[in-house]
Amino acid sequence: MSTPAPGPAAGGEPPAPRYILITQCLQNDLFLNLDCQLSLPDSAVSKLLLDAESGDTLRTEGHRRTLTRAQLARSPLARFLDATVGSRTRGHGDGLLHLVNIRDWHVPGEAYDLERRQYGAHCEARTWGAEYVDGLGELLDPPPPEDGREDWGGRLRVHHVLSNTLFDFQHSASGRPEPGERSELTGLLDGLLAGELAETTHVVVIGVLTDIKVQLLLTGIRSRYNVRRLVVSEALTASRTLERHLAGLSFCERVLRAEVMTGLAETARFLGSRPDEDGRLPRGGAEEFASYSSYIQDKQGILSYEDARLRDYRIQASERLRRAQLTVGFASKFLLGLGSGLLLMALILSVLSVFYPHRVVWQIPAVVGVLGAGQIVTVFFTRPVRSVQDALAEETIYRMILESRSLKVALARYHVTTADALRRHTDPDRQLGELERQLEILEQIDTADFDRLKGLGVTPAPADDHPSGGDDPPRPARRSRRPRRGPRGRDRGRPAPTGGGSG
């Protein structure tokens, strides 16, 4: 729990460099519990708990997300904690790092009822959902060293803070929030950032949710202490939507004057660690996240919407391609095994026909051998190989169509919902004309996308099932057979044009 902060060194010497890493709500309910209303979407969880370069995907068992130990070890969050907290336990790093883990910890009462009605049940005391994210416990709460010292040779001190209110600097002992009540976090930071210590201490905040808990935490730090080196990690924070995440970071940077760091290695060095000694840190999130802060607010909205839709489309397309590859692979193995078995049977029957010519006639092994050879020829020269090529080609085109659609829908959404387009007009005819023009644009977008899908042999669902401007991509129905063409290019089965009519 909280530990009193040491004062200045004897003899008037400046204190040794000190660092504070604050983690916010790294708990199962927000990352792994799909039944929790505050559970982050897959894109946000993947950003912190999956390595983007490895191609890992989230899996679920029942109502929980599951991650293997290897997947978690490769994640940006785990590797950052290992480079900062883990390296201190191994004797590396400069100065003293204070690790402050803040957890939501709710017991029945008026304060919790206020949050529950707005955000749903979450992080209830002594439940699995309130514990640290599965697999990160050893990094957030490392076991004590063998020598019995709690500060790992003056390099690390760990503090665990339980918060039962939305604002961590406020406490509610009786179940009713009281503005004047000192919280556990207040007492801890008052000691760590007292006086001149606030001007020389490096403070970094990571965790979720960016626009709620992280933003309120930074607001409390900025309003109570004169911290000059206050940083929030863009790569290690997330929220329910990308728009809300960007809005929270923008508030922290512009209003609270907190520095927004993107790189994980840069943030680790800011905390006095030397990540190069323990292995290279990942860049921290996909490339598109790092570029959002350079855009003005109106461009952020359109880019974040397009990126979210594009990520969903990529997940769908990748899953379809994976299933196609598994199906083709199973079919190829089946045909190869069947052909090999038939050839082996033909060989055995041929040997038996030599010794027992009256019981086993030569026609049987010949027929079985032909069937076996046919299966193997089918595997190597006909359908499966062609199916793989077609699947890869069509999947590439299908993904390009979805990427194009996501951008077109985002652009249409931006222009159709501007303040000028949605304002109330005094001229009904003009307003009706603008509505017709907007609907025509959306219909043109759908028509163009459906025509391109038909070129792939995919029949889109009717327009009634997919309203114009919707977020979901056209779902492939069944592959339509293309009509075979006759000698002169006319479709077979289609009646030839009759004479008559204007020339």
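At the residue level, residue 158 shows approximately 30 square angstrom of accessible surface with a 1.4 angstrom probe and all protein chains present. What shape does the range 104-231 have by the C-alpha gyration tensor, where a ≥ b ≥ c are the square roots of the eigenvalues, rounded means a/c under 1.5, and otherwise prolate means a/b greater than b/c and oblate the rest? Oblate. Peptides 29-41, 237-249 ordered by packing proxy, namely the average of other Cβ atoms within 10 Å per residue, highest first: 237-249, 29-41.
Sequentially through the range 223-233, phi angles give Karplus couplings (6.51, -1.76, 1.60; θ = phi - 60°) of 7, 9, 10, 8, 7, 8, 10, 10, 10, 10, 7 Hz, Gly and Pro residues having no value and appearing as x.
When 356, 112 are compared by accessible area at a 1.4 angstrom probe, the order from most to least is 356, 112.
Along its first, second and third principal axes, ordered by size, the range 21-139 spans 45, 35, 19 Å in Cα coordinates. The Kirkwood radius of the range 201-281, taken over pairs of alpha-carbon atoms, gives through the Stokes-Einstein law at 37 °C and 0.692 mPa s a diffusion coefficient of 254 µm² s⁻¹. Solvent-accessible area of residue 47, all protein chains in place: 20 Å² (probe radius 1.4 Å, heavy atoms, ligands and nucleic acids excluded).
Across the range 115-126, coupling constants 3J(HN,Hα) worked out from phi with the 6.51/-1.76/1.60 Karplus curve, θ = phi - 60°, read 6, 4, 5, 8, 10, x, 5, 6, 6, 6, 4, 6 Hz, and Gly and Pro carry x.
If you sort 100, 370 by accessible surface, 1.4 Å probe, largest first, the order is 370, 100.
The values are calculated or read from the model by the stated rules, or taken from the named source; none is laboratory data. Just so it is clear, the structure is predicted and the values come from calculations on it, not from any experiment. All Cβ positions, glycine included, derive from the backbone under ideal geometry; neighbour counts span all protein chains shown. The area values use the complete protein model at the heavy-atom level, side chains included, leaving out ligands, DNA and RNA. Shrake-Rupley method; radii C 1.70, N 1.55, O 1.52, S 1.80 Å.
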